[in-house]
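Engineer: Below is the structure I would like to discuss, written out as structure tokens.
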Amino acid sequence: MKKLNEEVLSRRTFAIISHPDAGKTTLTEKLLLFGGAIRDAGTVKAKKTGKFATSDWMEIEKQRGISVTSSVMQFDYDGFRVNILDTPGHQDFSEDTYRTLTAVDSAVMIIDSAKGIEEQTLKLFKVCRMRGIPIFTFINKLDRQGKSPLELLAELEEVMGIESYPMNWPIGMGKEFLGIYDRFHNRVEQFRVEEDERFISLTEDGEIAGDHKLKENSLYDQMLEEIMLLNEAGNEFSEERINNGELTPVFFGSALTNFGVQTFLEAYLKFAPEPQPRNSTSGPVDPLSEDFSGFVFKIQANMNPAHRDRIAFLRICSGSFERGMSVTLSRTGKPIKLAQSTQFMADDRSTVDEAVAGDIIGLYDPGVYQIGDTIVSEKELFHYEKLPQFTPELFVRVTAKNVMKQKHFHKGIQQLVQEGAIQLFKTVKTDEYLLGAVGQLQFEVFEHRMKNEYNVEVIMERVGSKIARWIENDEINDNLSSSRSLLVKDRFDKKAFLFENEFALRWFQDKNPEVKLYNPMDMQ
Ligand code: G4P
């Protein structure tokens, strides 16, 4: 093995943030192909559609075709080891999706050029922003007619409030897509031409020298005009601002036709940050430190119902991991031997013997880990920063089907809530249990685990509320509670209102200006 320093510095760990259908699977697959981690196009896709589901995965996962192996994908390229963390979308969207962003050093944002910025991308973007994570943007599907590139950049600025620096610029699009003007490499990359004609180097003035077919096309002139505009009025390239998450480098391309992907990957690897120090109760922890440490950001439960095992996903933050090593769980101060561990590849779960800061490993979890747990190898214990809270948007009222099972019901709820699988609320007036989640899957997993692990069948009824706002001052008149603005307590006994919709929230604020409400996600 190379020296620890070299190993750690070669890591690049990122998540893709996008709205379903923007091309995350397609791009991931192309990246894995470049890295030689898969041999055939279609491997990741097949996984998505469920063809590859292994029989012992949790039932829900099987039905949805997601599996632990696609949660983290790893490949080597040009001396780098790249870890891609999956951020499930659609109904699989959950707090885990958000929490995954606490375990990366950068994010790749994919935008469908025809659709522009979509809801889920925006939600994930906000979390990256909150954490100052550098964001690299890939604007996809240039082989189709989409919005104009200038319009897309304006959207980034207006909707997301992030400045952009286009690393390349499309020449036409859709049926008339001719290629990209690569500002960074000072060359043009042509679309759908023979391999040896693909790249044209440019003069110092950024033009094609001599005669060229491309120069006869008016789209080429239009592109040059836009480039001039960008050079004069656009943002300046700044590695520092990219690293602070203030400026996003933008790449145009087409994942499906594998156009612009390699150029993107190479530029990404050049500018994306290596594993970054993370804050802890003992100050920032240097990833290059010899002492092993990490934190659990996700727990995947019950992948094998016969064994009820779980996997705790650990982001290694410093040092290196060796199978069988002895560590301490900071929360309890108890020693643990890390005998069973998993590393994730696109094709299979393989046993990991060694991994370093920046890598993600899966630890076999007989029920000892909680989300946010810190593991250290040193004698001196410390804790990594608490993981942020995410505001739920879906709520159900939950009861046990069989009233005789109350004890199990309460135990199950308490444990699952503690583990971070779901959020619990109690109505102030009637003491009913409500569960909150950011995605439907969390309810399904909850229901499944209550039945399988605690032997309790639950009844869940949808509550109309969608917007949760906490109250700054707990002194609140309980009579303000109604079905459209339901007063509840969270599991720390903090009071919050659940509003039916934006309108109900505004109406309430107009009527009760003295009640100060806040969204915890805006505060972190
Ligand atoms: P996701 O993981 O973000 O949900 O998106 P995915 O990669 O599955 O892509 C969604 C759809 O967009 C797929 O088409 C895919 O082929 C298409 N797509 C991805 N990148 C490009 C691109 O660069 N250009 C064009 N024209 N299409 C692209 P589908 O019809 O839904 O699926 P499939 O039948 O092709 O598999």
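The values are calculated or read from the model by the stated rules, or taken from the named source; none is laboratory data. Worth saying up front: this structure is predicted, and the values here are computed from it rather than measured. Cβ atoms come from the backbone with ideal geometry, glycine included; neighbour counts cover every protein chain shown.
Engineer: Take the conditions more than 27 Å from Phe34 (Cβ to Cβ), at pLDDT 95 or above and of a type outside the set (S, T, N, Q) and apply them to Leu269. Does it pass? Steps first, answer last, please.
Structural biologist: On the way: more than 27 Å from Phe34 (Cβ to Cβ): no; at pLDDT 95 or above: yes; of a type outside the set (S, T, N, Q): yes.
No: the conditions fail for Leu269.
Engineer: Mind listing just one residue for me: the one in the range 406-419 that is buried (at least 18 other Cβ atoms within 10 Å of the Cβ), more than 23 Å from the chain's Cα centre (by Cα) and not β-branched (Val, Ile, Thr) and, of those, farthest from Glu119 (Cα to Cα)?
Structural biologist: By that ranking, first place goes to Phe409.
Engineer: Could you list, in sequence order, all residues of the range 197-214 that are charged (D, E, K, R) and more than 11 Å from Leu178 (Cβ to Cβ)? Reasoning before the result, please.
Structural biologist: Residues of the range 197-214 that are charged (D, E, K, R), as a first pass: 197-198, 204-205, 207, 211, 213.
If the condition is that a residue be charged (D, E, K, R) and more than 11 Å from Leu178 (Cβ to Cβ), then Glu197, Arg198, Glu204, Asp205, Glu207, Asp211 are the ones that fit.
Engineer: What do you reckon, is Val296 within 16 Å of the ligand (Cβ to nearest atom) and not in a loop (DSSP other than H, G, I, E, B)? Please lay out each step first, then the result.
Structural biologist: Numbers: within 16 Å of the ligand (Cβ to nearest atom): no; not in a loop (DSSP other than H, G, I, E, B): yes.
No.
Engineer: For the range 413-487, which strands (runs of 3 or more DSSP E) that fit wholly inside it have 2 or more residues that are within 27 Å of Phe295 (Cα to Cα)? Don't jump to the end; show me each part of the working.
Structural biologist: Working: elements: 423-427, 433-437, 458-463, 467-471.
Qualifying strands (runs of 3 or more DSSP E): 423-427, 433-437.
Engineer: Could you tell me which of the residues Val68, Val44 is at pLDDT below 95 and away from the ligand (no atom under 16 Å from the Cβ)?
Structural biologist: Within the list Val68, Val44, the selection yields Val68.
Engineer: I would also like to ask the following. If I go through the range 82-94 residue by residue, how many of them are under 10 Å from the mean Cα position of the chain (by Cα) and acidic (Asp, Glu)?
Structural biologist: Looking only at that region, the number is 1.
Engineer: Checking Asp359 against (1) among the acidic types (Asp, Glu); (2) in contact with a Phe, Trp or Tyr (Cβ under 9 Å, 6 or more places away or on another chain); (3) within 20 Å of Glu322 (Cα to Cα); (4) surrounded by fewer than 21 Cβ atoms within 10 Å (Cβ to Cβ), only one condition comes out false. Which one?
Structural biologist: (4)
Engineer: So how many residues does the range 420-447 have that are surrounded by fewer than 18 Cβ atoms within 10 Å (Cβ to Cβ) and under 28 Å from the mean Cα position of the chain (by Cα)?
Structural biologist: Result for the range 420-447: 1.
Engineer: Counting just the residues of the range 149-184 that are farther than 29 Å from Arg129 by Cβ and out of contact with any strand residue (DSSP E or B) (no Cβ under 6 Å at 6 or more places or on another chain), which one comes out surrounded by the most Cβ atoms within 10 Å (Cβ to Cβ)?
Structural biologist: Phe177
Engineer: I'm trying to understand the selection: among the residues of the range 119-148, which are surrounded by fewer than 16 Cβ atoms within 10 Å (Cβ to Cβ), within 26 Å of Thr13 (Cβ to Cβ) and within 16 Å of the ligand (Cβ to nearest atom)?
Structural biologist: Glu119, Leu122
Listed here are the residues, each with its yes/no results for (1) over 21 Å from Phe34 (Cα atoms); (2) not acidic (Asp, Glu).
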residue: Gly174; (1), (2): yes, yes
residue: Asp182; (1), (2): no, no
residue: Glu197; (1), (2): no, no
residue: Ile208; (1), (2): yes, yes
residue: Asn217; (1), (2): yes, yes
residue: Tyr220; (1), (2): yes, yes
residue: Leu256; (1), (2): no, yes
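Engineer: Do we find that Ala504 is of a type in the set (A, V, I, L, M, F, W, C) and in a strand (DSSP E or B) in this structure?
Structural biologist: Numbers: of a type in the set (A, V, I, L, M, F, W, C): yes; in a strand (DSSP E or B): no.
In short, no.
Engineer: Hey, could you check the range 95-118 for residues that are within 16 Å of the ligand (Cβ to nearest atom) and within 11 Å of the chain's Cα centre (by Cα) and say which is modelled with the lowest pLDDT? Give the steps one after another, and end with the answer.
Structural biologist: We begin by selecting, within the range 95-118, every residue within 16 Å of the ligand (Cβ to nearest atom); these are 97, 100, 107-118.
Then keep just the ones that are within 11 Å of the chain's Cα centre (by Cα); that gives 97, 100, 107-109.
Values: Thr97: 89, Thr100: 94, Ala107: 98, Val108: 98, Met109: 98.
Within the range 95-118, the match that is modelled with the lowest pLDDT is Thr97.
Engineer: Report, by residue number, each residue of the range 178-196 that is in contact (Cβ under 8 Å) with a residue 40 or more places away in the chain and more than 31 Å from the chain's Cα centre (by Cα).
Structural biologist: Result: Leu178, Arg192.
Engineer: If the requirement is being free of Cβ contacts under 8 Å to residues at least 40 places away in the same chain and closer than 22 Å to Ile110 by Cα, which of these qualifies: Gly161, Gly206, Gly210?
Structural biologist: Gly161
Engineer: On the given criteria, is Arg241 of a type in the set (D, E, K, R) and out of contact with any Leu (no Cβ under 9 Å at 6 or more places or on another chain)?
Structural biologist: Values: of a type in the set (D, E, K, R): yes; out of contact with any Leu (no Cβ under 9 Å at 6 or more places or on another chain): no.
Judged against the criteria, Arg241 is not a match.
Engineer: Also: Pull out all pairs, ordered by first then second residue, where Cβ-Cβ is under 6 Å, the residues are six or more apart or on different chains, the first lies in the range 97-124 and is over 23 Å from Val82 (Cβ atoms), and the second is more than 11 Å from the ligand (Cβ to nearest atom).
Structural biologist: Cβ pairs passing all conditions: Gly116/Lys147; Gly116/Glu155; Ile117/Glu155; Ile117/Val159.
Engineer: How about the range 1-37: which of its residues are away from the ligand (no atom under 13 Å from the Cβ), under 25 Å from Leu122 (Cβ atoms) and of a type in the set (Lys, Arg)?
Structural biologist: Within the range 1-37, Arg12 is the sole residue that qualifies.
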